[in-house]
Amino acid sequence: MEVTAHSGLEVVDPNPSLIVVDRIHDQHMSPADKFYHAAAAAEPPSPPPKRTIFGLSQSTFWLAVALGLVAALAIGLGAGLGVSLSKAQKDSSATEPPDPIQTSSPPDPSSPDPSSSTPTPSDPLSSTPTTSSHTSTATPSNPCPAINNTLLTPPGSLGSLRYRIACGADIPDASKLTLSSVVVDTFDVCVGLCNSMNHFQRRSDVVCRWNVAGTRGETPGSCWCYAVTGEVRVVKSSGSLVGVPV
């Protein structure tokens, strides 16, 4: 036999014993054992078991704990808020002063009787004439004849009407409708009363008459407000003076 020498490097198996053992072991294995041995070698290693807490995974367990804490906090806040509101309501009701007892005071004998006031009629043609039981406390002073046939501006400056004065005069009964009758101390007050009817009812047909002398059985100082339709005519009447709006 001729031996040939080879120069250079030689490849050596790093685990020759394992290969030999595996080959020897394979020679003594049955075909079934070889199949199961190959399947076992091909299966990946099983992962390590997961760590659990009370049978739950760690993430599930801590999530449940967090939800429980949130629920307990919400319940505690709700209960505390309810108790605080109830206490505040009780404190406010306890500090409220009791309702004062309303008492009625006896009428003042020096105050004027409301029934003696003269209401302003809304419609002179359908209103009932009103009178007053008021009696003048002083003897009226007759301004005539100084103001006869003069223009008088009513007190209070309500509207723009002025009144033509006629002394010793009256309005015929057939052409007038009585709106109001009241006893006053001065002619200016009488003119102002009748002028307020003209102003607030937006009219200009209310004529005033003041009986300063108390003739024809009337009380001295009686003031009459008449609604006169058409042209105003005056007749002579001693002790009275008339104011006609112009």
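Readers should treat all values here as calculations from the given coordinates under stated rules, not as data from a laboratory. Remember, it's a predicted structure, so these values are computed and weren't measured experimentally. Backbone-built Cβ (ideal geometry, glycine too); neighbour counts: all protein chains shown.
General remarks:
- The residues neighbouring Val228, those whose beta-carbon lies less than 14 Å from its own, together hold a net charge of +1 under the Lys/Arg +1, Asp/Glu -1 convention.
- Short-range pairs are left out: with C-alpha atoms under 8 Å and at least six residues apart, the relative contact order of the range 121-245 is 33 percent.
- Take the Cα radius of gyration of the range 121-245 and divide it by 2.2 N^0.38 Å, N being the number of residues; the result is 0.95.
- Cβ-defined net charge surrounding Asp173, 15 Å radius [Lys, Arg +1; Asp, Glu -1]: +3
- Local electrostatic count, Tyr163, Cβ distance below 13 Å [Lys/Arg +1, Asp/Glu -1]: +1
- Extension gain, Gln89-Leu67: 0.36 nm per intervening residue step, less the Cα-Cα distance, totals 4.6 nm.
- Rounded to whole numbers, the Karplus 3J(HN,Hα) couplings from phi for the range 181-187 are 9, 8, 8, 10, 8, 9, 5 Hz, using 6.51 cos²θ - 1.76 cosθ + 1.60 with θ = phi - 60°, and x at Gly and Pro.
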